[in-house]
Amino acid sequence: MSGIGKVSRPADTARALLAAGYERLGWPLYRGVPACACTSRPRNCANPGGRLVGGRQQPVPARALGDHLSRHPDDALLTVCGGRFDTVTLPRDVGSALLVQLDRQGDAFPALWSGDRELTLLVRAGSTVALGELLSERARAVLRLSSTRTTLPLPPTHGMAWDTPPWDPATGTPRPLPSAGALLLPLRSTVRLYARG
Ligand SMILES: [Zn+2]
């Protein structure tokens, strides 16, 4: 190769590394468009995330996605729930309180902030069905459980940030996904305290 190739910038490298990391976890990856065009700091974004372009898509290899995102840094990167994991999504206050409680218990669920509005916890695929049946109506009104069709925008998508990434940042080793059932008791007490209706 001669020296005329584009020199990749650190931001490009970070995008490519994230996409490669998701691919190593076996997550299907898709290209999307951003949900907003704001220039505010992502944590303040009123409409973080993104959506798939068009209808059904074939998953895109990580390398192609990394290339695409370096040319179109505002585009979104998404995956689909159900195959590799389910999700539990909570409003900010309940999510923050739950993280504190899980931390005290020594549990580390992969967790993703959507702006500063919502927190999404990743749990073992298929495990939210039983959780949904065990939670009170009030708790179910506060949270959102993924279905197999739920698309999830991932960092580096605008406004999306890992609180706890799905791998160990030091070694890159995938974090085991706990069952959603492990959230039952902490969710019950957190919802009781923070989601007064
Ligand atoms: Zn925005």
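For segment 68-89, does any single residue satisfy the condition of being out of contact with any helix residue (DSSP H, G or I) (no Cβ under 6 Å at 6 or more places or on another chain), within 24 Å of Ser146 (Cβ to Cβ), at pLDDT below 90 and within 16 Å of the ligand (Cβ to nearest atom)?
no
Kindly check whether there is at least one residue in segment 145-168 that is without any contact (Cβ under 8 Å) to a residue 12 or more places away in the chain and out of contact with any His (no Cβ under 6 Å at 6 or more places or on another chain).
So far as segment 145-168 goes, yes, one or more of its residues are without any contact (Cβ under 8 Å) to a residue 12 or more places away in the chain and out of contact with any His (no Cβ under 6 Å at 6 or more places or on another chain).
So which of Ala20, Ala64, Ala97, Ala16 ends up being out of contact with any strand residue (DSSP E or B) (no Cβ under 7 Å at 6 or more places or on another chain), among the hydrophobic types (A, V, I, L, M, F, W, C), away from the ligand (no atom under 16 Å from the Cβ) and farther than 19 Å from Trp162 by Cα? Steps first, please.
Values: Ala20 fails: farther than 19 Å from Trp162 by Cα; Ala97 fails: farther than 19 Å from Trp162 by Cα; Ala16 fails: farther than 19 Å from Trp162 by Cα.
On inspection, the qualifying residue turns out to be Ala64.
Enumerate the pairs (first residue in segment 10-30 and surrounded by 15 or more Cβ atoms within 10 Å (Cβ to Cβ); second residue anywhere and part of a helix (DSSP H, G or I) and among the polar types (S, T, N, Q)) with beta-carbon separation below 9 Å, excluding pairs fewer than 6 apart on the same chain, so at least 6 apart or on different chains.
Here the result reads Asp12/Ser70; Arg15/Ser70; Ala16/Ser70, each pair linking segment 10-30 to a residue that is part of a helix (DSSP H, G or I) and among the polar types (S, T, N, Q).
Quick one: which helices (runs of 4 or more DSSP H) sit completely within segment 108-197 and have at least 2 residues that are of a type in the set (Gly, Ala, Ser), more than 30 Å from Leu69 (Cβ to Cβ) and touching a helix residue (DSSP H, G or I) at 6+ places or on another chain (Cβ under 7 Å)? Steps first, answer last, please.
Values: elements: 128-134, 137-142, 184-194.
It comes to 128-134.
Can you give me the number of residues within segment 23-61 that are within 16 Å of the ligand (Cβ to nearest atom), in a loop (DSSP other than H, G, I, E, B) and of a type in the set (S, T, N, Q)? Outline the logic, then answer.
Going residue by residue through segment 23-61, those that are within 16 Å of the ligand (Cβ to nearest atom) are 32-51.
Filter once more, so that each one left must be in a loop (DSSP other than H, G, I, E, B): 35-41, 45-49.
So of that shortlist, the ones also of a type in the set (S, T, N, Q) come out as 39-40, 47.
Here the count works out to 3.
Among residues belonging to segment 88-131 that are more than 21 Å from Pro169 (Cβ to Cβ) and polar (S, T, N, Q), point out the one that is surrounded by the most Cβ atoms within 10 Å (Cβ to Cβ).
For segment 88-131, the residue satisfying everything is Thr128.
The values are calculated or read from the model by the stated rules, or taken from the named source; none is laboratory data. Only a predicted model underlies this, so the values are computations on that prediction, with no experimental measurement involved. For neighbour counting, all protein chains shown are included, and Cβ atoms are generated from backbone atoms with ideal geometry for every residue, glycine included.
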